[in-house]
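> The structure is given below, and queries will be raised subsequently.
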């Protein structure tokens, strides 16, 4: 926060797809000071000193790193911003599902950010509020928790962990869950995310997620069910089964 983006390079058109072109992203960001850093759900949001807002999303495989210019660029580095202290912010995204964009006020209003649900970490709803948003919805609760308009910020790993912790089957229709059933679910969101954040996040075997300094997150060992198909449940000993849940 407070740093100036002295130069910006976008190396892949998909990384800039939320703007007109890579050149537009570069022009809008270069020379701008980052006034603040924020987040809502899975979106990173940074207001700039000229009224534009930098918005980024990691997609499935994206990650930001902080590096010295002398360090080799990793493969699939599609965005590099050099700061006024000489360091670089790099965005590595092998599958190019993520993006980096710069929006003016009107464009920002059209991005869909306003349609996001309450943030899972900072603004988690209580049971009555969540019950109202799920009322009459027949989709499986897992699919609904992945719907970012219900609660923003939960992904596949943590939804599995939350449902297991709450003792709720992933295929349970969301609209049938009572407030009494939703209370342990919401409590589980807080616990699961707290442990994950304290552990630096979940780095899987593919190393698709790393911390900005290149270290692996250490939450994998805390997972009770995700990625453990065939292993015994630590609570009851029953072998864990994998299933695909669709909305």
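Please treat every number below as a calculation from the coordinates, not as lab data. Predicted model only: the values in this text are computed from it and were never measured. Counting neighbours? That spans all protein chains shown, and the Cβs are built from the backbone with ideal geometry, glycine included.
> Obtain the radius of gyration and the Kirkwood radius of region 70-124 from its C-alpha atoms and give Rg over Rh.
1.09
> Another question about this same structure. Need the full-extension length gain, residue 220 to residue 30, defined as separation in residues times 0.36 nm minus the C-alpha distance. One decimal, nm.
64.6 nm
> Measure nothing fancy, just the Cα-based angle from helix 156-166's long axis to the longest principal axis of the chain, in degrees from 0 to 90, nearest 10.
Between the helix axis and the principal axis of the chain, the angle is about 30 degrees.
> If you rank 142, 42 by fewest surrounding Cβ atoms within 10 Å, what's the result?
Ascending number of Cβ neighbours within 10 Å: 42, 142.
> Another one. For 12, 40, what's the fewest-to-most ordering of other Cβ within 10 Å of each Cβ?
Final ranking by Cβ density, sparse to dense: 12, 40.
> Let me ask something additional. Kirkwood Rh, region 104-247, all Cα pairs: how many Å?
After inverting the pairwise mean of 1/r, the radius is 16.3 Å.
> Here is a further query. In square nanometres and to one decimal, what's the mean projected area of the convex hull around the Cα atoms of region 5-115?
Hull-based average projected area comes out at 6.5 nm².
> In nm², what is the average projected area of the convex hull enclosing the Cα atoms of region 141-198?
Computed as one quarter of the Cα hull surface, the answer is 3.5 nm².
> Hey, could you pull the Cα Rg and Dmax for region 93-180, both in Å?
Spelled out, the Cα radius of gyration and Dmax of region 93-180 are 15.1, 44 Å.
> From a point 7 Å beyond the Cα of residue 85 in the direction of its Cβ, which residues of region 16-34 have a backbone N at a distance under 16 Å?
33-34
> How compact and how long is region 100-144, expressed as Rg and Dmax of its alpha-carbon atoms in Å?
Expressed in Å, the Cα Rg and Dmax of region 100-144 come to 14.4, 38.
> Rounded to the nearest 500, what is the chain's calculated 222 nm mean residue ellipticity when only DSSP H runs of at least 4 contribute -39500 (n - 2.57) each, over all residues?
Helix contribution divided over all residues of the chain: -7000 deg cm²/dmol.
> Let me ask something else about it. Below 8 Å between Cα atoms, with a sequence gap of 6+, how large is the relative contact order for the chain in percent?
Relative contact order comes out at 16 percent.
> Among 238, 96, which comes first, second and so on when ranked by fewest other beta-carbon atoms within 10 Å?
If I rank by nearby Cβ atoms, fewest first, I get 238, 96.
> Compute the helix-to-body angle for 179-198: its Cα long axis versus the longest principal axis of the chain, expressed 0 to 90° and rounded to tens.
40
> Follow-up question, since we're still on this one. Quick one: work out Rg over Rh on the C-alpha atoms of the chain, Rh as Kirkwood radius.
Ratio value, two decimals: 1.00.
> Divide the volume of the convex hull of the Cα atoms of region 191-247 by its number of residues and quote the answer in cubic angstrom per residue.
Cα convex hull per residue, to the nearest whole number: 126 Å³.
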